[in-house]
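The values are calculated or read from the model by the stated rules, or taken from the named source; none is laboratory data. All figures in this text were calculated on a predicted structure; none of them were measured in a lab. In this analysis, Cβ positions are derived from the backbone assuming ideal geometry, glycine residues included, and neighbour counts consider all displayed protein chains. Side chains are part of the model used for accessible areas, which takes the heavy atoms of the whole protein and leaves out ligands, DNA and RNA. Shrake-Rupley method; radii C 1.70, N 1.55, O 1.52, S 1.80 Å.
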Amino acid sequence: MSCSAGSSCPSFPSHKPRRSRRSRGCWDTLDTDSQSLSALGHFQTLPLEIFHMVLKYLSVKDISTLSMVSKSLGQQLIHYISTSAGTRRLLLQDFHNLELPGRREGASILEHYKSLGLLLKRCTLLLPTRDRLKFVHKVLSEVSCFKLSGCASPLHCLGLKCYGVFLQILTAGWDELECHRVFNFLWELSSLARKVQTVVSSRAGSARKLELRIRLYCRRVLLNHWIHRSDSAFWLTRILKPWPIVNQARLLYIIFGPVSSLDGHVVWQKMIEGPTDESSLKGLAEAIKLLYDTEAREWTADDVISLVDELSVVPQEWLMENNARLLLLSGNNICFTFLASKAVNGRAVELARLMVFMALVCEKDLYCMDWVVKMMQKVCRVFSTPWERNNFLQCLENTFAHMLMDMLQAVLAGGHDEEDNTFLNLFHLVNAQANFHKEILFLAMRSSPNTT
């Protein structure tokens with residue numbers, strides 16, 4: 001029934017009913033925007049403390065998946081990671097044991113930090129690179145074993161390896177400019193430039209502990225964890241390129257050269273005192289091949305050959321046998337380019353000595369001698385005149401003869417102790433010369449017309 005114009009109607013209060021002020025959780029203290037809260041789904045009905053308790057029951061991989069649900073949820077997870085509870089949960093620091101207590105069998109701390117790298121990659125996906133790096137540094141800054149000089153026992157610590165796999169996952173897929181920023185950030189954060197300057201400028205071995213720390217940091221954090229060779233070449237280039245070639249060779253030796261099996265320190269006299277084995281040169285050879293590959297766009301063939309040449313006098317001139325073994329391990333292309341540069345520059349005597357020692361290494365290490373003969377053929381084609389080629393061949397034969405006479409005189413002189421390998425070296429050189437010339441005869445017979 002409607003009221004007439006003159007009749008009185010009951011009046012109702014004009015103000016809105018009072019909204020309950022009971023807290024629905026602590027989300028409002030973080031983000032009061034209703035649109036953002038709606039993106040949280042059912043999580044917006046939970047107090048923040050309960051939400052953090054729920055996260056304790058999720059693996060790091062599950063949390064990283066959860067961070068992709070929405071931007072708002074990702075922001076809440078960033079807040080959780082920044083809390084002391086989140087830090088204690090996520091930043092495991094048992095770096096001196098291979099297995100984590102209380103985790104599934106076979107799950108290592110390295111796998112944990114791979115998952116953590118993916119979590120922070122996803123949580124910070126929408127941030128600029130600089131802000132992402134600042135947040136990551138803020139989270140990880142309390143982990144002393146992630147610092148270049150932070151661990152008292154770096155050789156037996158997994159901290160730098162964990163940091164390396166974390167960074168590899170975090171930066172996977174980033175473009176080259178972003179990776180430049182990452183390297184510059186780490187370069188400044190660890191004061192790596194100043195510390196490298198110290199070791200490359202001082203006498204070899206005078207800063208052994210610092211050399212070891214630089215080696216471990218560069219290998220475990222920056223180099224070892226990349227899947228693609230182009231990525232490894234990029235990071236190695238960033239490490240080496242700021243320095244002149246003399247320092248590049250010294251730094252390359254520190255990072256990839258032979259080390260003591262007792263304390264891990266770089267062994268500087270290894271290439272000078274006597275012939276070494278393949279294991280001592282393999283790291284250097286792989287690094288040289290990495291720089292020579294087409295993926296390393298900032299290195300020309302001349303750059304790499306100059307680096308190899310400079311490396312052979314670090315810290316003093318190497319034994320020629322060690323030079324030859326390094327060239328063999330570096331592969332056909334680098335070996336030929338290096339030998340051809342000697343031929344072009346008229347260094348026939350040095351080239352002949354290298355070729356003889358390459359034959360000796362092939363004999364000792366059981367490589368096929370026909371490889372040396374084919375390499376000699378290719379080098380002979382580099383000479384511009386027949387006289388230069390013949391002069392090189394004459395130097396080659398003279399080198400064989402002089403080395404045999406020197407070793408024979410040393411054997412006849414006697415007075416050798418049990419560890420002296422003079423007679424064994426003579427034995428190898430005689431066999432090397434015989435097999436070398438046998439391959440040449442085979443080649444000559446194959447190329448000559450058949451006679452009956």
Legend entry - Inter-probe distance in nm under a simple model that places probes 7 Å from Cα toward Cβ, at residue 229 and residue 297: 1.7
Legend entry - Translational diffusion coefficient (Stokes-Einstein; Kirkwood radius from C-alpha pairs) of the chain at 4 °C, 1.567 mPa s, in µm²/s: 48
Inset, instruction - Sorted from largest down, give the three principal axis spans of the alpha carbons of region 240-382, whole angstrom values. - result: 44, 35, 26
Inset, instruction - Would you mind calculating the relative contact order of region 363-445 from Cα pairs under 8 angstrom and at least 6 residues apart, reporting the percent as a whole number? - result: 49
Inset, instruction - Just read off the accessible area of residue 406 with the full protein assembly in place, 1.4 Å probe, to the nearest 10 Å². - result: 100
Legend entry - Segment residue 397-residue 125, extension gain: residue separation times 0.36 nm, minus the distance between their alpha carbons: 91.4 nm
Inset, instruction - Would you mind telling me the share, in percent, of accessible area of the chain contributed by carbon and sulfur at probe 1.4 angstrom? - result: 54
Inset, instruction - Determine, from the Cβ-Cβ distance of residue 138 and residue 367 and an R0 of 60 Å, the FRET efficiency 1/(1 + (r/R0)^6), rounded to the nearest 0.05. - result: 0.65
Legend entry - Relative contact order (percent, whole number), the chain, Cα cutoff 8 Å, 6+ residue spacing: 8
Legend entry - Descending semi-axes in whole angstrom, ellipsoid equivalent of region 363-445, from the Cα gyration tensor: 29, 16, 10
Legend entry - Theoretical ellipticity at 222 nm over the chain - DSSP helices of four or more residues, -39500 (n - 2.57) apiece, nearest 500: -19000 deg cm²/dmol
Inset, instruction - Could you check the simple spin-label distance between residue 70 and residue 317, using points 7 Å along Cα→Cβ, in nm with one decimal? - result: 7.4
Inset, instruction - Mind putting together the pair-distance distribution for region 244-323? All Cα pairs, 5 Å bins, whole percent per bin, short to long. - result: 3, 15, 26, 27, 17, 8, 3, 1
Legend entry - Of 121/161; 195/282; 61/147; 374/438; 241/378, pairs whose Cα-Cα distance is over 22 Å: 195/282; 61/147; 241/378
